[in-house]
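Every number here is computed from the coordinates shown, using simple stated rules; none is lab data. Fair warning: this is a prediction, and the values are worked out from it, not measured in the lab. Positions of Cβ are backbone-derived with ideal geometry, glycine not excepted, and every protein chain shown enters the neighbour counts.
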Amino acid sequence: MSTPLDDAALLAAELLARRWLPRQHPRVRRALIDAELWQATQQRLAEVGLRLVDNIHADHVAVALLRSAETAVFGEAGLAANNNLELPRDAQSLLVVLWALIVLPKRERQAARAASAAGDEQAEMFRTERPLPSAAVASPLVAYKTLLADFGNQLGKKTRLDANLKRLETHGFIHRRGDDIAEGPLLDLLLDYDQLAQRILDGALGDVLARTRAQAEAAPSAGEAA
């Protein structure tokens with residue numbers, strides 16, 4: 001007779017089977033408020049070289065390799081590679097572009113709404129809990145036609161762009177919603193915001209993002225004028 005699995009083992013097993021889980025999943029919700037369950041799950045995963053990845057700005061949790069396991073799994077050559085998913089260079093570039101177009105403005109919206117909520121709370125007699133706006137609410141959509149027009153030439157044109165979008169969707173970085181591209185479960189989990197954000201904002205892509213934002217802000221004004 002097999003021994004029944006405890007909640008930590010079940011959560012670890014489900015994460016391994018499904019690759020990611022929503023924060024609203026019953027066991028995930030419990031682990032996020034139960035320090036003992038969280039630590040027990042981390043310990044179970046660590047026994048096989050993995051760690052639980054969480055981010056309050058994302059709507060999912062996932063698993064990733066422990067740093068100490070990376071060399072054994074990928075070898076020195078793998079660690080020196082640009083990525084461990086064997087994405088071609090234009091797919092890597094597309095991933096960074098989509099991260100910049102989706103995650104950066106999402107984080108700004110979440111921070112702005114959280115700051116606004118904090119200001120409102122100061123005027124309340126009884127403070128109420130107001131969670132950070134979810135990614136589903138704050139995350140912008142990227143129009144495929146706009147992406148193709150703005151970055152198609154740099155990212156291999158339509159055929160390569162379509163193939164790489166499919167790769168990124170398969171890996172869980174994005175979702176396709178008709179002609180729109182939305183944040184996937186792993187986009188704000190497996191890419192390091194602290195390392196990427198400032199490099200993008202200070203680099204050439206920062207100028208492109210500024211123009212894109214200005215165009216998006218001008219579009220409603222033009223519609224009102226018409």
**Q.** Where GluC sites (Glu not before Pro) fall in DSSP loop in region 13-47, at most 13 other Cβ within 10 Å
**A.** GLU47
Q) Once the piece of chain linking ARG176 and ALA64 is laid out straight, how much longer is it, given 0.36 nm per residue of separation minus the C-alpha distance between them? A) 37.9 nm
Q.
Can you list residues from other chains, or at least 5 along the same chain, whose modelled amide H is less than 5 Å from the amide H of HIS175?
A. ALA182, GLU183, GLY184
Q. What nm distance separates the two modelled labels at SER134 and ASP90, each placed 7 Å from Cα along Cα→Cβ?
A. 3.6 nm
Q. Which of the lysines could be linked to LYS166 by a straight reach, that is with a Cα gap under 21 Å, when you skip same-chain ones fewer than 8 residues away?
A. LYS145, LYS157, LYS158
